[in-house]
Amino acid sequence: MNIAIFSVTEKGRQLSERAAEFLGGEHKVSRYCFHKHTDDNAAVFWNMGSMVGRLFKRSDAFIFVCACGIAVRAVAPLLGTKADDPAVIVMDDSGRFVIPVLSGHIGGANRLAELLADALGNTAVITTATDVGGQFSPDSFAVANGLIITDLAAAKEIAAEVLDDEKVGFSTEYRHGGLPDELTEFGICRTGIYVGTETDVKPFDVTLRLVPRNIVLGIGCKKGTSAEAVETAVSRALAEAGIDAERVREVATIDLKAQEEGLLGFCGRREIELRTYTAEELMAVKGDFDSSEFVRETTGADNVCERSAVLCSGGKLVLRKTAFDGVTVAAAEAPVYLDFERNVL
């Protein structure tokens, strides 16, 4: 996660240092201190609202060490939808409480607050009803398992059913752990969750369809290929294969292309990671791949896109090599295991 920590007072600055030290091992953390109370490891701000505005689109979480009202006023003009807003957390500068204010489930604010509380000796103040009652949350389950929420209204209705102690149906073809008490795979339920990719499957009157984000793209390209060319090739390939672009979680290629600007630009726009492998690693992948002697002579591997997609995903090809204007694209589907006890972060 990209996490921005803001502080206003001297005590807040000290607390922001501790929070950044704890979170820095797992996340990219940046600190922003009011100009009267800052240090050499933090950026300085004079107007919090302006600084938050500059960071809002590229941050996954904001931690404010200040009064709740200050934090709320800083983010309020920038808020969009529940699915897109970053996590927002507030800590008082005395270090007594850590409060998730926004995006508790989807953005992971609740879990992040709990981790901070354990590390810093604070008390996490969780207010979302399902968490307070220790009950199943469809939002948290989806985020923890890399699932796309297709209908926030359905998710909200299912959460309401859980709070009313009504059974919620569950249907999937994927392997999964034991269901929580709130869910059942048997009987007739008005509301329920379907985890899968079939758009016409609706086993319940109110069905929340959760789609796995488990597609890995393997991409090969000529030197100097633009990000626009990569985007066009990928969009065409996915459309022809009937694969939703939102399901893509990673891109893989050969290490010779690790600094290819077009690939890096494409991944940056999509906010997905680029993974690279050596020719030896690619050639060690077992399977039936489209082999090219020209590609082997050029790169050391007879196929870049198919082999890298399979290696990175650990799964199977769902889209074989397709070529558009010097760009080759393949896609593999990573195995899915649904874990109801996995944490969001």
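Just to confirm my numbers, what's the Cα centroid distance between the stretch 70-128 and the stretch 136-185 in Å?
Value for the Cα centre distance between the two parts: 23 Å.
Using a simple charge model, +1 on the beta-carbon of Lys and Arg, -1 on the beta-carbon of Asp and Glu, nothing else, what dipole does the chain show about its Cα centre, in debye to the nearest 20?
Here the chain has a charge dipole of around 860 debye.
Tell me the carbon and sulfur percent of the accessible area for the chain, rounded to whole percent, probe radius 1.4 Å.
48 percent
Work out which helices of the chain, taken as complete DSSP H runs, extend at least 18 Å along their axis over the Cα atoms and score a mean Kyte-Doolittle of -0.5 or more, then list them.
TM-like helix candidates: 227-241.
Based solely on its DSSP helices, what 222 nm [θ] is calculated for the chain when runs of n ≥ 4 H residues each add -39,500 (n - 2.57) and the sum is averaged over all residues, nearest 500 deg cm²/dmol?
-9000 deg cm²/dmol
Given a Förster radius of 45 Å and the C-beta distance between N2 and I188 as r, what FRET efficiency does 1/(1 + (r/R0)^6) yield to the nearest 0.05?
Result of the calculation: an efficiency of 0.50.
With viscosity set to 1.002 mPa s at 20 °C, what whole-number translational diffusion coefficient in µm²/s follows for the stretch 204-287 from Stokes-Einstein and a Kirkwood radius over Cα pairs?
152 µm²/s
Label H35 and S235 with points 7 Å out from Cα along Cα→Cβ: what is the distance between them in nm?
Reported label-point gap for H35 and S235 is 4.4 nm.
To the nearest 0.05, what FRET efficiency results for E173 and A83 with a Förster distance of 30 Å applied to their C-beta separation?
E(calc), rounded to 0.05, equals 0.75.
Take R54 and A67, extend 7 Å from each Cα along the Cα→Cβ direction, and tell me the distance between the two endpoints in nm.
2.5 nm
Any idea which of A284, V98, I215 is furthest toward the positive side of the dipole for the chain, if Lys and Arg beta-carbons carry +1 and Asp and Glu beta-carbons -1?
Of the listed residues, the answer is V98.
Using DSSP to call loops (not H, G, I, E or B), can you name the GluC sites (Glu not before Pro) in the stretch 119-213 whose Cβ has at most 12 other Cβ atoms within 10 angstrom?
Answer by residue number: E173, E185, E198.
Cα centroids of the stretch 215-267 and the stretch 6-21: how far apart, whole angstrom?
Using only Cα atoms, the two centres lie 40 Å from each other.
Grab the alpha carbons of the stretch 252-345, take their convex hull, and tell me the volume per residue in Å³.
Per-residue hull volume (Cα only) is 125 Å³.
Keeping all protein chains in the complex and leaving out DNA, RNA and ligands, what accessible area do you get for V310 with a 1.4 Å probe, in Å² to the nearest 10?
20 Å²
Under a point spin-label approximation (7 Å from Cα along Cα-to-Cβ), what is the R296-I148 distance to one decimal in nm?
3.7 nm
Which of the residue pairs K223/K257; K257/K316; K57/K156; K28/K57; K11/K57; K222/K316 have a Cα-Cα distance greater than 18 Å in the structure shown?
Result: K257/K316; K57/K156; K11/K57; K222/K316 exceed 18 Å.
In debye to the nearest 20, how big a dipole does the stretch 120-276 give about its Cα centre with +1 on each Lys and Arg Cβ and -1 on each Asp and Glu Cβ?
Its charge dipole is roughly 700 debye.
Under a Cβ-only charge scheme (Lys and Arg +1, Asp and Glu -1), can you give me the dipole magnitude of the stretch 1-128 about the Cα centre, in debye to the nearest 20?
Dipole about the Cα centre, nearest 20: 340 debye.
The values are calculated or read from the model by the stated rules, or taken from the named source; none is laboratory data. This one's a predicted model, so the numbers in the text were calculated from it and none came from an experiment. Neighbour counts are summed over all protein chains in view; Cβ atoms, including those assigned to glycine, are modelled from backbone coordinates with ideal geometry. Ligands, DNA and RNA are stripped out before the accessible areas are found, and what is left, the full protein with its side chains, is counted by its heavy atoms. Shrake-Rupley method; radii C 1.70, N 1.55, O 1.52, S 1.80 Å.
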